[in-house]
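Trainee: Next up is a structure, given as C-alpha cells.
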Number of protein chains: 2
Amino acid sequence: MTPDDMMPVAVDAETALAGAPPGHKDELRLWLRLLTCATLIEGEIRTRLRRDFDTTLPRFDLLAALDRAPAGLTLGDVSRRMMVSNGNVTGLATRLEAEGLVERRARLGDRRAQMLRLTAKGKREFARQSAAHEGWVAELLGGLEPADRAALFRLLGQAKGSVRAALSPEETP
Amino acid sequence: MTPDDMMPVAVDAETALAGAPPGHKDELRLWLRLLTCATLIEGEIRTRLRRDFDTTLPRFDLLAALDRAPAGLTLGDVSRRMMVSNGNVTGLATRLEAEGLVERRARLGDRRAQMLRLTAKGKREFARQSAAHEGWVAELLGGLEPADRAALFRLLGQAKGSVRAALSPEETP
DNA sequence: ACCCGATAGTTTAGGCTTCAAAGATTGGCG
DNA sequence: CGCCAATCTTTGAAGCCTAAACTATCGGGT
C-alpha cells in the first residue's frame with residue numbers, strides 16, 4: 001500500500017534537463033490525443049456497423065480474424081489475436097454460431113480444442129461488411145496527406161515498439 | 001436495405017490514379033495500427049489501475065474530468081467530455097458516490113440538473129492515482145525519441161482533424 | 001500405468017456500454 | 001394561464017469484457 005515506490009518509470013537521462021516535477025506531461029498529452037483519435041474512429045465504426053448491418057465491432061473483428069484464416073482458428077487463437085480474454089470469445093462465438101455465421105467443429109486428435117470457421121453465410125456477410133468498413137476508414141482518414149499518413153504509420157510502429165518493450169519483461173516471467 | 005449505395009466514400013480524385021480496386025488499404029492499415037497501439041496501452045493501464053488501486057479506467061476518467069473542473073460538472077457535461085452515453089454516466093456516478101469519492105448536489109435554479117463534484121477523499125484518491133498513471137504512460141511511451149513523440153503528436157492532431165471533418169456534416173443536421 | 005503440470009474452454013460475478021423509452025423540469029409562446 | 005418542445009437524468013434490456021475458478025484433456029516422466 002505504499003503508492004510511491006511502485007513506478008519503475010524512467011527517472012533518468014532526460015528528466016534531469018527537463019527540470020521541474022517529473023514532468024512526463026508530454027507523454028501524457030500524446031497518449032490522450034492517441035486515445036481521442038482511436039475513440040472517435042471506433043465510435044463511428046460501431047455506430048455504422050449497427051446502423052447498416054445491425055452488428056457490433058467485436059462480432060466484426062471475430063469474423064475478420066476467421067476470414068484471414070481459411071483453415072479455421074481455435075478459440076484460443078482468436079482470443080490472442082483479438083487481444084481479449086478467453087471467456088469473452090466463448091460468448092462471442094456462441095452468439096455468432098447462433099446466427100449461423102460461424103461454426104464450431106472438433107479438432108481431430110485433441111478433444112480440448114475446437115476449430116472455429118466461417119460458414120458460407122458468414123463469408124458472404126463478412127464480405128459485405130468488410131467492404132463498407134474499409135470505405136468508412138478511408139473516408140475518416142482521407143483528410144490526411146499521403147505523406148502524413150505514411151509518417152504516422154511509421155511513428156505508430158515506433159510507439160507500438162516502445163509499449164511492447166516496456167511490457168514484455170514483466171509479462172513473460 | 002440496399003447495402004451498396006450507402007457509402008459516401010471519397011470515390012473521386014486520387015482513387016483514379018491509384019487504379020486497382022478502390023484500394024483504401026493504406027488507411028485501413030493505419031487504422032489497425034492506431035487501434036493496436038491504443039488497445040495495448042489502454043489494456044495495460046486498466047490492469048494496473050485494478051492491481052494498484054482496485055479501480056477501473058472509466059472511474060478514473062470520471063474523476064479526472066471532475067478534477068479539472070473544481071466548480072463541478074453536470075452529468076451531461078461529463079457525458080460529453082468522456083464521449084460516452086448519458087445513462088453510462090448515471091451508473092458510474094452512482095458507484096463513485098457510493099464509494100464516497102464524488103458527491104451529487106442539486107444545482108440552484110434548475111432542478112433537472114445536478115452538479116457532480118469530487119469529495120475531499122475523491123481529490124486525495126485521484127491525486128494518488130493520477131501520479132501513478134502519468135508515470136505509467138511515460139514508461140510505456142518513453143521508448144520514443146522526443147522528436148518522434150512531437151511529430152507523432154502533431155500528426156495525430158491532423159488525423160483527429162480529418163476524422164472530425166468527415167464526421168461533422170452529418171453529425172449536426 | 002499413474003501422476004502432474006500445462007493447455008483449452010466454460011462458467012460466474014461484477015462492472016461497463018449503448019440505445020431507446022420514460023420521468024421530471026424548464027422556459028417560452030399563444 | 002396552459003401547453004409543449006427542449007433539456008437533464010434515470011431506467012431497462014441486451015451485449016461486451018475481465019478475472020478467477022472450474023472442468024476436461026493432453027503429454028511426459030517415473
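The values are calculated or read from the model by the stated rules, or taken from the named source; none is laboratory data. What you see is a predicted model, and the numbers here were worked out from it, not measured in a lab. Methodologically, a virtual Cβ is constructed for each residue, glycine included, from the backbone with ideal geometry; neighbour enumeration extends over all protein chains shown. When the accessible area is computed, the model is the full protein with side chains, heavy atoms only, and any ligands, DNA or RNA have been set aside. Shrake-Rupley method; radii C 1.70, N 1.55, O 1.52, S 1.80 Å.
Trainee: Within region B:24-37, work out how many residues are at the interface with another protein chain (Cβ under 7 Å from one of its Cβ atoms), more than 17 Å from A:Trp31 (Cα to Cα) and surrounded by fewer than 19 Cβ atoms within 10 Å (Cβ to Cβ).
Mentor: 3
Trainee: Of all the helices (runs of 4 or more DSSP H) wholly in region A:40-156, which have at least 2 residues that are more than 13 Å from DNA strand C (Cβ to nearest atom)?
Mentor: Here the list reads A:57-67, A:120-141.
Trainee: Given the options B:Arg149, B:Arg164, name the one that is of a type outside the set (Val, Ile, Thr), open to solvent by 60 Å² or more (accessible area, probe 1.4 Å) and within 11 Å of chain A (Cβ to nearest Cβ).
Mentor: B:Arg164
Trainee: If you check A:Ala71, A:Ala113, A:Ala120, which single one turns out to be more than 14 Å from every other protein chain (Cβ to nearest Cβ), within 16 Å of DNA strand D (Cβ to nearest atom) and either under 28 Å from B:Ala138 (Cβ atoms) or of a type in the set (A, V, I, L, M, F, W, C) (or both)?
Mentor: Exactly one residue qualifies, and that residue is A:Ala113.
Trainee: Only one of B:Leu108, B:Leu62, B:Leu96, B:Leu66 is over 18 Å from the mean Cα position of the chain (by Cα), under 22 Å from A:Leu35 (Cβ atoms), more than 9 Å from DNA strand D (Cβ to nearest atom) and away from chain A (no Cβ under 14 Å). Can you tell me which?
Mentor: Within the list B:Leu108, B:Leu62, B:Leu96, B:Leu66, the selection yields B:Leu96.
Trainee: Taking region B:111-125, which residues are under 14 Å from B:Asp67 (Cβ atoms), under 23 Å from the mean Cα position of the chain (by Cα) and open to solvent by less than 90 Å² (accessible area, probe 1.4 Å)?
Mentor: B:Leu116, B:Arg117, B:Leu118, B:Gly122, B:Glu125
Trainee: Exactly one of (1) surrounded by fewer than 13 Cβ atoms within 10 Å (Cβ to Cβ); (2) within 22 Å of B:Leu49 (Cβ to Cβ) is unmet by B:Trp136. Its number?
Mentor: Only one criterion in (1) surrounded by fewer than 13 Cβ atoms within 10 Å (Cβ to Cβ); (2) within 22 Å of B:Leu49 (Cβ to Cβ) is unmet by B:Trp136, namely (1).
Every residue, every condition in (1) at pLDDT 95 or above; (2) among the basic types (Lys, Arg); (3) buried (at least 18 other Cβ atoms within 10 Å of the Cβ); (4) under 26 Å from B:Ala131 (Cα atoms), yes or no:
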| site | (1), (2), (3), (4) |
| --- | --- |
| B:Pro21 | no, no, no, no |
| B:Thr39 | no, no, no, yes |
| B:Glu44 | no, no, yes, yes |
| B:Asp67 | yes, no, no, yes |
| B:Gly72 | no, no, yes, yes |
| B:Gly76 | no, no, no, no |
| B:Met83 | no, no, no, yes |
| B:Val89 | yes, no, yes, yes |
| B:Gly109 | no, no, no, no |
